[in-house]
Amino acid sequence: MKLPTLVTAGIYDSRIAAKSLAISQNRRTTKFELELPIEGGGTSYIDSNTTPIHPNMIISVKPGQLRHTKFPFKCYYVHMTLPEGPLRDTLLQTENYIPTERRETYERLFARLIKHVSFPSPTEEILVQSLLLELIYTVIKDSSAGSLGRTARRDSAAEEGIRYIREHLTEDLSLETVARAVSLSPVYFHNVFKAATGKTLHSYIEEQRIKKAIHLLQTTDASLTGIAYECGFSSQSYFSFVFKRRMGQTPRSYLRESYGKYEQ
């Protein structure tokens, strides 16, 4: 494994370091910068990500990112480099803002690394490496836990939307209607649903309506108009249009071909 190199560590306080400024200069980072806020109050900006700063979080900034901070801001910080390899790749994939319940663990790690920078000892190199690796491991673990939690919430909202769609297939199923049913904004629900299913809401609803229509074609003698309305289409002509676009043939042609397969 290729190991990290500690560049610096310390405590930053904007009230002392930048007392006349309300916001820091926007800059592009060249190292990995890990920070544990000591208090809340400011706002962090990293590329297009923005979040209010609070003590129970880790700020994880990667090389090449643009960042600035709205003050006040006080934090423990560690700057380090990592050579190319799996460890670097994994740290690059962590979230910029990571909620944590391990504040005491982070405080211990930051404090010991700060102490080494303040009072360096050549004999402690192995200890520094172990502290950096533990810090990286804890950040990666907390980031993964947060991602899993977001995925679970996303999947839960999508499942709730799918359940609503199946129970109301004959009704109006606009994005606004389904999003309201699961208590989410239309834009957010659209993103959540597509991330969970790989399909837009419109495409998924259309697919479910066509599946129900095929079932009714094969198991009932209902008219095309009746099937169209039973599946939530506004008219028989629109139903036939969507069916042909999806299945490559008209409903009646599909049914004849389906019955013909019995004798093959």
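The values are calculated or read from the model by the stated rules, or taken from the named source; none is laboratory data. All values derive from a computational prediction rather than experimental measurement. Heads up, the Cβs are rebuilt from the backbone with ideal geometry, glycines too, and the neighbour counts pull from every protein chain shown.
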Point to revise | Qualifying positions in the stretch 90-101 - in contact (Cβ under 8 Å) with a residue 40 or more places away in the chain and in contact with a strand residue (DSSP E or B) (Cβ under 9 Å, 6 or more places away or on another chain) | key: LEU91, THR94, GLU95, ASN96, TYR97, ILE98, PRO99, THR100
Point to revise | Unique match (being more than 23 Å from ALA145 (Cα to Cα), in the same structural domain as ALA145 (by TED's automatic domain parsing) and not charged (D, E, K, R)) among PHE71, PHE32 | key: PHE71
Practice item. Return the only residue of THR50, THR123 being closer than 25 Å to LEU3 by Cβ, of a type in the set (Ser, Thr, Tyr) and without any contact (Cβ under 8 Å) to a residue 24 or more places away in the chain. Key: THR123
Exercise for review: Output the number of the condition that ILE58 fails; it satisfies all remaining conditions of (1) more than 16 Å from SER143 (Cβ to Cβ); (2) buried (at least 20 other Cβ atoms within 10 Å of the Cβ).
Suggested key: (1)
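Could we say that GLU35 is at pLDDT 95 or above and surrounded by 16 or more Cβ atoms within 10 Å (Cβ to Cβ) here?
Numbers: at pLDDT 95 or above: yes; surrounded by 16 or more Cβ atoms within 10 Å (Cβ to Cβ): yes.
So GLU35 passes the test.
Tell me which residues, restricted to the stretch 2-54, are farther than 14 Å from THR81 by Cα, part of a loop (DSSP other than H, G, I, E, B), under 29 Å from the mean Cα position of the chain (by Cα) and of a type in the set (A, V, I, L, M, F, W, C). Step through it out loud before you land on a result.
At the first step, the residues of the stretch 2-54 found to be farther than 14 Å from THR81 by Cα are 10-28, 35-54.
Adding the requirement that they be part of a loop (DSSP other than H, G, I, E, B) leaves 18-22, 24-26, 38-42, 47-48, 53-54.
Filter once more, keeping what is under 29 Å from the mean Cα position of the chain (by Cα): 24-26, 38-42, 47-48, 53-54.
Scanning the stretch 2-54 gives ILE38, ILE53.
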Review point. In the stretch 76-118, which residue that is touching a helix residue (DSSP H, G or I) at 6+ places or on another chain (Cβ under 8 Å) and aliphatic (A, V, I, L, M) is surrounded by the fewest Cβ atoms within 10 Å (Cβ to Cβ)?
Key: LEU87
